[in-house]
Amino acid sequence: MGGDSMQPTIQPCELIAFADCGGKVAEPGIYVFTRNVFARPCVFIKRVEPLANGALMIISDNLHYQTFALNIDEQKDMQIHGRVVASMTMRRFV
């Protein structure tokens, strides 16, 4: 995990484990997904909540980041890789 957007839940440099969810967000949770940003695929780890209209609410646990919704059209370049099931602090010795 790089970045601080999911603090305090997931700290920068923690390892995460995620389980296959069939490429869908069926229930609220923390998910790993990719989206194109400036025509390049970027990996995100965010809290995601499905909404009744098919939109997805994208939430960072760090309150310095804004929450936003992606409507169905905005999800076309989004690939859900899995739901986060664990994280682990990692120490470097080199």
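When restricted to residues that are loosely packed, with under 14 Cβ neighbours inside 10 Å, among the hydrophobic types (A, V, I, L, M, F, W, C) and modelled with pLDDT of 90 or more, segment 70-94 contains 4.
Scanning segment 70-94 for residues that are part of a loop (DSSP other than H, G, I, E, B) and over 22 Å from Leu15 (Cα atoms) turns up Asn71, Ile72, Lys76, Asp77, Met78. Considering (1) assigned to a loop (DSSP other than H, G, I, E, B); (2) in contact (Cβ under 8 Å) with a residue 60 or more places away in the chain, the lone condition that Ile16 does not fulfil carries the number (1). Summed over segment 55-94, the residues that are among the hydrophobic types (A, V, I, L, M, F, W, C) and in contact (Cβ under 8 Å) with a residue 24 or more places away in the chain give a count of 8. Residue count for segment 41-69 satisfying the condition of being out of contact with any Phe, Trp or Tyr (no Cβ under 7 Å at 6 or more places or on another chain), within 23 Å of Cys13 (Cβ to Cβ), surrounded by 15 or more Cβ atoms within 10 Å (Cβ to Cβ) and of a type outside the set (Asp, Glu): 5.
Applying the criterion of being part of a strand (DSSP E or B) and in contact (Cβ under 8 Å) with a residue 24 or more places away in the chain to the residues of segment 24-40, the residue that is surrounded by the fewest Cβ atoms within 10 Å (Cβ to Cβ) is Asn36. Test Gly29 against the stated conditions and say whether it is closer than 20 Å to Asn62 by Cα and touching a Cys at 6+ places or on another chain (Cβ under 8 Å). Considered against the rule, which asks whether it is closer than 20 Å to Asn62 by Cα and touching a Cys at 6+ places or on another chain (Cβ under 8 Å), Gly29 comes out as no.
The values are calculated or read from the model by the stated rules, or taken from the named source; none is laboratory data. Here the structure is a predicted model, which means the values were calculated and not measured. Every residue, glycine among them, receives a Cβ derived from its backbone with ideal geometry; neighbour counts consider all protein chains shown.
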